[in-house]
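Notes follow once the structure below has been shown.
The values are calculated or read from the model by the stated rules, or taken from the named source; none is laboratory data. The shown structure was predicted, so the numbers you read here are calculated from the model rather than taken from an experiment. Because the Cβ atoms are built from the backbone with ideal geometry, glycine has one as well, and the counts that use them run over all protein chains shown. Ligands, DNA and RNA are stripped out before the accessible areas are found, and what is left, the full protein with its side chains, is counted by its heavy atoms. Shrake-Rupley method; radii C 1.70, N 1.55, O 1.52, S 1.80 Å.
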Amino acid sequence: MGTWKEELGTSNEAISLIQSIFANVSDAILVIDRDGLIVKVNAALEQMTGWSEEELVGVKHICEICRGMATCMEESTCTDCFFKQVQMPSFEMRLRTKEGKEFPVAASSAQLPKESNGKMVMILRDMSAQQRAEKECYQNKLTNFAIQAQEEERKRISRELHDGVGQALYSILVGLNVVGQGNLSDPIRQHVTDLLHMTSKAMEEVKRMALELRPSALDDLGLLPALRSLMKRVEKSFNIQVELHTQGTRRRYPAAMETALYRIVQEAMTNTAKYAQASQLGIVFEDREKEILVTVVDDGIGFEVDKALNTGKGLGVFGMKERAQLLGGTVDIRSAPNEGTTVIVRIPLPKEGIEDDHSRVNR
């Protein structure tokens, strides 16, 4: 294999190839003289900045398009500028466009050979898309952490209500029953009876709160038994007929997936119960080869989805979508006035970690 010069052939061929690379490479390239004046740019830099070659070459100083280097201490600084260095193989800088916008670019710079009279070449790559992706990933991690922490706290409080307050109320109820069997005057007996009713109602309220916070069936039995229990409570509390139809394999799913699906369906059912004026609600749960598809349909009065979201009244919908997105899924809300509401949830199944244990799912 020959040398680089031998591979290129004649000097004119080498120059032609270099010019072709300079013109067609996707990264932005510019050359500045020893005073910082821009003397050469490629098409990628014109596209990146919005300035034409005529507006840049011999007109703009590097400091007019560079708004400083980014460091671990500062987002934009001119301290130890790359222009003062012989070579900087990698750094980040803020680039200003013709429209006055600023965005981050990955950059490298190097002094050209001595015969260039101190010229420097810079190569820039747009990092805005990468930073957006990194920011979104970071936000998703934070959101996921917050949701997990919230669910753990819900579980803790639910157990304390059930095992602590619930058991204490039960003990009081037993004691009042014992007292009520004694030889009491009518006013005292009536008072004990009233206390029994109050304590019984308090126990029911504590039980309801514990279930709302975190149903034990979700952890002990799985998603579908927890949904059936939720259906019964909705039917009893709101006088709505609820039906559940299932298709596919009987199995448990990862805890995060079961929790997300339960909360999404719970929010959809709660919205129907509170606002839809519906008499019937249907849930179709499909375990497909690569995803879980859940459809929740009601016969209520419906609503304008975009209007609800734009006016800030769709916080529950945002929460549903966020939970699904964290698992790579989607939530689609379809509704219109007087046409009912349909909620379609799609969550992809993980390739590993699914349990096909029929004995653990009571369906």
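Values for this structure:
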read-out: Equivalent ellipsoid, the stretch 232-298 (semi-axes from 5 times Cα gyration tensor eigenvalues, Å); value: 23, 13, 10
read-out: Computed magnitude of the charge dipole of the stretch 170-277 (debye, nearest 20; Cβ of K, R +1, Cβ of D, E -1); value: 320
read-out: Aspartates and glutamates with Cα under 13 Å of residue 351, excluding same-chain neighbours fewer than 8 positions away; value: 289, 291
read-out: Where the Cα pairs of the chain fall when distances are cut into 10 Å bins, in %; value: 4, 16, 18, 13, 12, 14, 11, 6, 3, 2, 1, 0
read-out: Packing-based order for 204-211, 224-231, 132-139, using average beta carbon neighbours within 10 Å, highest first; value: 224-231, 204-211, 132-139
read-out: Rule-of-thumb Rg ratio for the stretch 210-262 [Cα; 2.2 N^0.38 Å; N residues]; value: 1.17
read-out: Dipole magnitude (debye, nearest 20) for the chain, charges at Cβ of Lys, Arg, Asp, Glu; value: 880
read-out: Carbon/sulfur fraction of accessible area - the chain, other protein chains in place, 1.4 Å, %; value: 52
read-out: Å² of accessible area per residue within the stretch 217-323, as computed with a 1.4 Å probe and no ligands counted; value: 49
read-out: Rounded to 5, percent antiparallel among DSSP beta bridges of the chain; value: 90
read-out: Among the listed pairs 98/307; 155/201; 135/321; 40/101; 155/307, those beyond 30 Å (Cα-Cα); value: 98/307; 155/307
read-out: Rg/Rh ratio calculated on Cα atoms of the stretch 292-333 (Kirkwood radius); value: 0.99
read-out: Per-residue HN-Hα couplings for the stretch 231-248 [Karplus 6.51, -1.76, 1.60; θ = phi - 60°; Hz; x = Gly/Pro]; value: 4, 4, 5, 5, 4, 6, 7, 10, 6, 10, 7, 10, 10, 10, 10, 10, 9, x
read-out: Whether the stretch 72-223 is rounded, prolate or oblate, judged on the alpha carbon gyration tensor where a/c under 1.5 counts as rounded; value: prolate
read-out: Extreme residue, positive dipole direction of the chain, given options 49, 293, 39 (C-beta unit charges); value: 293
read-out: Eligible aspartates and glutamates near residue 290 by straight Cα distance, threshold 12 Å, same-chain separation 8 or greater; value: 352
read-out: On Cα atoms only, tilt of 315-326 relative to the major axis of the chain in degrees; value: 60
read-out: In degrees, nearest ten, helix 11-24 long axis to first principal axis of the chain (Cα); value: 30
read-out: Cα-based helix-to-principal-axis angle, 167-180 vs the chain, degrees rounded to 10; value: 10
read-out: Set of aspartates and glutamates with alpha-carbon distance to residue 207 below 19 Å, sequence-local pairs under 8 removed; value: 151, 152, 153, 160, 163, 219, 220, 235
read-out: Relative contact order of the chain, defined on C-alpha pairs under 8 angstrom at six or more residues apart (%); value: 10
